[in-house]
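Enquirer: Here's a structure for you.
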Amino acid sequence: MTISSTTSPLLSKKRRDYTPPSHTIETVDLRFELSPQETKVTAVSTIKRIDTQSSVLFLDGKDLCLQSIKIDDQILTENDDYKMLDNGLELYTSLATFTLTVVNTIKPIENTSLEGLYYSNNAYCSQCEAEGFRKITYFLDRPDVLAIFTVSIVSTAEADTYLLSNGNLITDTGFENGERTCVWEDPFPKPSYLFALVAGHFDKLVDEFTTQSGKKIALELFVDEGRLGQGQHALDSLKKAMSWDEQNYGLEYDLDIYMIVAVDFFNMGAMENKGLNVFNSKFVLADAHTATDEDYFNVEAVIAHEYFHNWTGNRVTCRDWFQLSLKEGLTVFRDQQFSADMYSDLVTRISHVNVMRENQFAEDAGPMSHPIRPDEVVEMSNFYTVTVYNKGAEVIRMLHTLLGKAGFRKGMDEYFARHDGQAVTCDDFVNAMQDANGADLSHFKRWYSQSGTPRVRVEQASTGDSQTTLSFTQINTPTRTQAQKQDLYVPIKLECFDKNGHKVDTRLKNDTLVMNSASTALVLDVPNEQITPSLLQDFSAPVLIEYDYTLSQLLIIIEFAGNDYAKWEASHNAYIMLIKEIYNAANGANNNADMQLRQDIEKLATAIKNLTVAPEVLAQILSVPSAESLYSQIEKVDPIMLYHARHKVVVQLSNTLHHFCIRHYLRLSQNPRPYAYEKQQVNNRSLKNTCLHLLAHSSAETVAPLIALQYKNAHNMSDRLGALKAAQVTQDDTFDSLMIAFEEQFGDDAVVMDKWFAMQAKSSKTDILAHLDLLQAHQQYSIKNPNKVRSLIGSFAFYNTLGFHQIDGSGYKYLTDYLITLDKVNPQIASRLMTPLMQFSRYASTNQVLIKAQLNRLYGVKGLSKDLFEKISKALI
Ligand code: ARG
Ligand code: ZN
């Protein structure tokens with residue numbers, strides 16, 4: 001394998017260059033004297049030299065103002081005892097053990113990057129993963145240095161009712177003589193990225209959990225004043241996650257207290273700081289009035305994710321950041337298992353498969369393509385990606401398939417037995433799995449080092465008169481950094497049906513064909529023309545399958561497949577086939593396309609009408625795949641043409657299924673019960689709102705009044721938003737007036753208003769750019785708040801196809817202008833928002849030229865962050 005360096009060697013770090021730390025920090029005593037303008041930080045560390053040859057200790061530091069530095073009792077002088085560098089300081093000492101005292105100041109209120117310690121909404125909050133601790137004090141800010149932390153927080157503001165950090169509260173002086181000090185002690189050694197500090201005024205919701213061994217854990221949830229009523233679902237989810245992890249992995253919580261704080265200003269979803277999770281408030285706050293069923297689902301999933309990190313991440317952590325998937329891929333897999341158990345296997349799986357097909361495949365096909373364990377990194381924040389997280393979870397899932405449930409559990413037990421309290425690598429994890437099961441996973445391991453999406457070409461041919469051969473060939477296309485690719489271990493779950501829909505015996509164990517090499521074949525005792533394969537059931541591997549289905553074959557799967565996933569996948573493939581046909585016809589390939597479409601949709605609709613499946617399954621089957629998920633299947637796609645082709649298919653489906661949808665809709669709208677987030681209600685609402693959304697595409701006039709009525713009568717956010725989204729399809733006056741009503745009702749709720757901004761941003765108004773300008777002036781909007789930026793600018797760039805891809809390039813220019821401003825405020829968010837531009841190579845050449853012009857403009861901007869610099873330089877090479 002050749003790995004060529006395309007970014008500046010000065011800036012990038014390589015996985016293969018890992019060296020253990022020269023020193024380690026055994027304990028650290030941190031003292032914070034809080035002030036928004038200038039907070040004083042005193043760090044007293046006991047340091048031990050590991051490398052006996054070493055006479056230099058390098059400490060990371062960024063945007064710090066150093067006051068003094070001491071080794072034992074000796075004050076150090078610059079240049080003699082230490083030297084300041086761009087990214088930290090170098091200390092000269094050959095002592096084997098010593099106490100280091102560093103005093104410095106930081107400016108929380110000026111910190112808009114939301115990394116390190118920042119002050120927003122009248123509260124202090126920290127975010128240290130991956131490399132934010134160095135913005136708090138000079139330290140060995142790397143995950144393989146594990147220290148015991150004691151933290152003193154001093155506040156002179158009586159309004160700061162809570163002064164929180166990791167672990168157990170051991171001292172609280174109360175407010176006396178103008179100040180208050182709280183001291184926290186975390187008995188578990190941890191890397192600096194798991195440190196947290198939160199201070200300010202909150203409302204607190206308390207609960208309790210008793211572990212399986214009988215230990216009582218105090219649970220505390222901190223939210224903005226007045227929001228306690230929206231916190232119970234998060235706490236309930238936490239308790240479910242705690243007992244799930246006990247039952248499924250035998251893992252118990254280890255401290256006496258578990259705290260969660262919800263804040264409005266947060267770069268990501270949430271953070272698993274030891275004993276003190278910090279959450280984006282959108283993944284905590286939920287009640288019937290303000291949250292949809294999907295929001296409830298997401299809160300439960302993210303709460304579980306962070307909780308599960310306590311073992312997969314905190315107790316066993318990463319040796320270096322190239323190993324990020326060690327904790328993230330595994331923890332995502334665990335939260336996916338949990339969600340499937342709590343709600344629905346099928347719907348959970350489909351939602352994760354959609355993320356892979358829409359986002360991860362796109363990343364893997366673009367300039368940022370990287371293996372789940374990257375080899376080279378400029379800015380670590382750029383690698384908190386769908387590849388590391390979601391593809392990482394798919395790789396763990398394949399291990400689970402390969403070893404079976406019991407074997408996987410054995411491997412997990414072995415992993416904790418070997419590595420509890422350590423900082424380890426992805427190889428260590430796979431080795432534990434391997435040894436516990438006596439398996440050979442050396443070939444499997446290639447998934448960790450190879451980037452790109454494997455394609456598996458499936459051909460079907462006669463073998464004699466009465467047999468059929470299905471041949472499977474892997475195609476691993478070279479990517480930017482890997483010219484040579486290897487074949488991978490690919491498990492393909494499949495079923496085959498004959499022309500009467502009977503299942504054909506494949507003689508495969510667990511219905512799974514395992515590809516251990518570039519190609520393999522499967523011989524069936526049924527003549528070729530009678531075979532219909534249903535391939536990659538449950539998305540058994542993160543690959544693209546290429547098989548040329550006919551519509552009749554897909555209809556056979558929809559009718560006869562024994563599992564709902566296969567039925568969904570076949571309907572999904574049928575939509576894709578029809579959309580592609582219309583798309584190609586628009587290029588002049590077929591004049592009869594419209595008539596053909598009508599006939600095909602008739603057949604598909606008949607098959608759907610005849611199904612007897614659960615409501616949530618039907619809802620999924622009635623959902624036409626997004627245009628984005630099709631980008632990986634059409635070369636040099638014209639996004640606007642594809643948008644129209646998809647729209648045409650949806651409209652035709654809507655007209656054909658009009659009565660069917662009306663019938664379901666009316667049935668499901670009757671006698672609503674008081675809102676509860678429980679399976680039956682959720683499933684019924686999902687089908688009801690899917691029907692309404694589809695109906696909104698039909699030409700029938702009966703639909704508009706239904707939408708208005710549902711909005712008016714809605715007693716929960718799922719129904720309200722369902723109506724609003726349906727109204728958006730029609731883009732008539734109803735939509736505008738509902739949006740005004742929505743704003744009047746929810747104008748004060750930051751989390752709810754994010755939905756409103758997103759709907760505005762996706763509007764197909766022709767003057768969308770002027771509209772976006774106006775919305776930025778809205779009193780709820782702030783460029784400093786990542787949720788707002790994502791809702792408005794993100795929704796526009798990711799989902800407003802017509803607005804973003806305008807043929808004069810003005811959509812691309814608009815995003816680029818915004819990125820230039822945003823990069824100065826919050827580089828991490830700017831970098832994420834750049835994604836739609838990064839994927840230019842998927843588009844037709846006119847679009848490509850326009851996007852590249854903007855990337856070049858961006859490249860020329862002075863003082864660009866490392867985050868943007870890394871991505872642009874990769875895109876332009
Ligand atoms: N570890 C967090 C999680 O649970 C994400 C932290 C991301 N931080 C960042 N700077 N990108 O997924
Ligand atoms: Zn995580």
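Enquirer: So, by mean Cβ neighbours within 10 angstrom, what's the order for 47-55, 151-159 with the highest one leading? The partial results should precede the final answer.
Expert: On the way: 47-55: 13.6, 151-159: 17.4.
Ranked from most to least packed, the peptides come out as 151-159, 47-55.
Enquirer: If you don't mind, another one. Cα axis of helix 551-560 to longest principal axis of the chain: angle in degrees, 0 to 90, nearest 10?
Expert: 70
Enquirer: If you don't mind, there's one more thing I want to ask. For VAL504, list long-range residues whose amide hydrogen, built 1.01 Å from N in the peptide plane, is under 5 Å from its own amide hydrogen.
Expert: CYS496, PHE497, ASP498
Enquirer: Can you list, bin by bin at 5 Å, the percent of alpha carbon pairs in region 750-821, starting at 0?
Expert: 3, 18, 33, 27, 14, 5, 1
Enquirer: Please work out the Cα center distance from region 403-427 to region 597-640, rounded to the nearest Å.
Expert: 40
Enquirer: Right, here's the next one. In percent, how large is the relative contact order of region 162-204, given Cα pairs closer than 8 Å and 6 or more residues apart?
Expert: Values: 56 pairs, mean separation 20.8, N = 43.
Rounded, it is 48 percent for region 162-204.
Enquirer: Further question: Starting from the Cα gyration tensor of region 783-828, multiply each eigenvalue by 5, take the square root, and state the resulting semi-axes largest first in whole Å. Let's see the in-between values first.
Expert: On the way: eigenvalues 79, 31, 6 Å².
Gyration-tensor ellipsoid for region 783-828: 20, 13, 6 Å.
Enquirer: Related question: So, in Å, what gap is there between the alpha-carbon centers of region 770-846 and region 58-107?
Expert: Cα centres, region 770-846 to region 58-107: 41 Å.
Enquirer: Kindly write out, for region 183-190 in residue order, the coupling ³J(HN,Hα) from the Karplus curve 6.51 cos²θ - 1.76 cosθ + 1.60 (θ = phi - 60°), rounded to whole Hz, with x marking Gly and Pro.
Expert: Coupling constants for region 183-190: 10, 10, 10, 10, x, 8, x, 9 Hz.
Enquirer: Per 5 Å bin, what percent of the C-alpha pairs of region 99-191 does each bin hold, from zero upward?
Expert: Once binned at 5 Å, the Cα pair distances of region 99-191 give 3, 12, 18, 23, 24, 14, 5, 1, 0.
Enquirer: Further question: Could you go through region 697-711 in sequence order and give the Karplus-derived ³J(HN,Hα) for each residue, using 6.51 cos²θ - 1.76 cosθ + 1.60 with θ = phi - 60°, rounded to whole Hz, and x for Gly and Pro?
Expert: Result, rounded to whole Hz: 7, 8, 7, 5, 7, 5, 6, 3, x, 4, 5, 4, 5, 4, 4.
Enquirer: Then there's this: How do the peptides 465-475, 355-365 rank, highest first, by the average count of neighbouring beta carbon atoms within 10 Å per residue? Please report the intermediate quantities before stating the final value.
Expert: Values: 465-475: 16.5, 355-365: 21.4.
In decreasing order of mean packing, 465-475, 355-365 become 355-365, 465-475.
Enquirer: With a sphere of radius 15 Å drawn around the Cβ of SER462, what net charge do the other residues whose Cβ falls strictly inside it have (Lys, Arg +1; Asp, Glu -1)?
Expert: Working: positive: LYS499; negative: GLU459, ASP465, ASP498, ASP525, GLU529.
Value of the local net charge: -4.
Enquirer: For LYS13, what residues show an amide H to amide H distance below 5 Å, using hydrogens built from the backbone and excluding near sequence neighbours?
Expert: Result for LYS13 returns VAL377, VAL378.
Enquirer: So, counting K/R as plus one and D/E as minus one, what does the shell of residues with Cβ under 15 Å around ILE608 add up to? Please report the intermediate quantities before stating the final value.
Expert: On the way: positive: LYS567, LYS603, LYS609, ARG663; negative: GLU559, ASP564, GLU569, ASP600, GLU602, GLU616.
Charge balance near ILE608 sits at -2.
Enquirer: Relative to the longest principal axis of the C-alpha atoms of the chain, give the angle of the C-alpha long axis of helix 564-586, reported between 0 and 90° and rounded to the nearest 10°.
Expert: 70
Enquirer: Of all GluC sites (Glu not before Pro) in region 613-654, which ones are in loop regions per DSSP and have a Cβ with at most 11 other Cβ atoms within 10 Å?
Expert: Answer in residue order: GLU635.
Enquirer: Tally Lys/Arg at +1 and Asp/Glu at -1 over every other residue whose Cβ is under 9 Å from the Cβ of THR42; what's the total?
Expert: Working: positive: ARG31, LYS40; negative: ASP29, GLU33.
Overall, the nearby charge balance is 0.
Enquirer: Turning to a different aspect of this structure: Please work out the C-alpha center-to-center distance from region 735-765 to region 235-311 and express it in whole Å.
Expert: Centre-to-centre (Cα) distance: 27 Å.
Enquirer: When only Cα pairs under 8 Å and 6 or more residues apart are kept, what is the percent relative contact order across the chain?
Expert: Working: 1638 pairs, mean separation 79.3, N = 877.
Computed over the chain, the figure is 9 percent.
Enquirer: Here is a further query. Output the relative contact order of region 279-338, whole-number percent, from Cα pairs under 8 angstrom with separation of 6+ residues. Don't skip to the end; give the middle numbers.
Expert: Details: 39 pairs, mean separation 19.5, N = 60.
Reported as a whole number, the value is 33 percent.
Enquirer: Expressed as an acute angle from 0 to 90° and rounded to the nearest 10, what is the orientation of the C-alpha long axis of helix 593-609 relative to the principal long axis of the chain?
Expert: Between the helix axis and the principal axis of the chain, the angle is about 80 degrees.
Enquirer: Okay, helix-only estimate at 222 nm for the chain: each DSSP H run of n ≥ 4 adds -39500 (n - 2.57), divide by all residues, round to 500 deg cm²/dmol; what do you get? If you can, show how the numbers build up before the last one.
Expert: Numbers: 28 runs with 343 residues, N = 877.
Calculated mean residue ellipticity at 222 nm is -12000 deg cm²/dmol.
Enquirer: Within 10 Å, count the other beta carbons around each residue, average over each peptide in 689-702, 320-333, 206-219, and list them highest first.
Expert: Top of the packing list down: 320-333, 689-702, 206-219.
Enquirer: Okay, next question. Can you tell me the alpha carbon radius of gyration of the chain divided by the globular rule-of-thumb value 2.2 N^0.38 Å?
Expert: On the way: Rg = 28.0 Å, N = 877, 2.2 N^0.38 = 28.9 Å.
That works out to 0.97 for the chain.
Enquirer: Any chance you could get the radius of gyration and Dmax over the Cα atoms of region 500-628, in Å?
Expert: Expressed in Å, the Cα Rg and Dmax of region 500-628 come to 16.0, 47.
Enquirer: Among THR481, THR97, which comes first, second and so on when ranked by fewest other beta-carbon atoms within 10 Å? Working shown, then result.
Expert: Values: THR481 21, THR97 11.
Going from least to most buried by this count: THR97, THR481.
Enquirer: Within 10 Å of each residue's Cβ, count the other Cβ atoms and sort PHE149, PHE58 from fewest upward. Each step should come with its number before you reach the end.
Expert: Values: PHE149 24, PHE58 18.
Least crowded to most crowded, the residues run PHE58, PHE149.
Enquirer: Also, quick follow-up: With θ set to phi - 60°, apply the Karplus curve 6.51 cos²θ - 1.76 cosθ + 1.60 along region 487-496 and write out the HN-Hα couplings as whole Hz, x wherever there is a Gly or Pro.
Expert: Result, ordered by residue: 6, 10, 7, 10, x, 10, 7, 8, 9, 10 Hz.
Enquirer: Follow-up. When a footprinting reagent is the concern and you count Cβ atoms within 10 Å, what order do ILE372, ILE71, ILE601 take, fewest first? Present the calculation step by step, with values, prior to reporting the outcome.
Expert: Numbers: ILE372 27, ILE71 19, ILE601 22.
The fewest-first ordering by Cβ neighbours comes to ILE71, ILE601, ILE372.
Enquirer: Can you list residues whose amide H is under 5 Å from VAL424's amide H, if they're 5+ apart or on another chain and H is modeled 1.01 Å from N?
Expert: So VAL424 has HN proximity to THR317, CYS318, ARG319.
Readers should treat all values here as calculations from the given coordinates under stated rules, not as data from a laboratory. Keep in mind it's a predicted model, so treat the numbers as computed, not measured. Neighbour counts run over all protein chains shown; Cβ positions are idealised from the backbone, glycine included.
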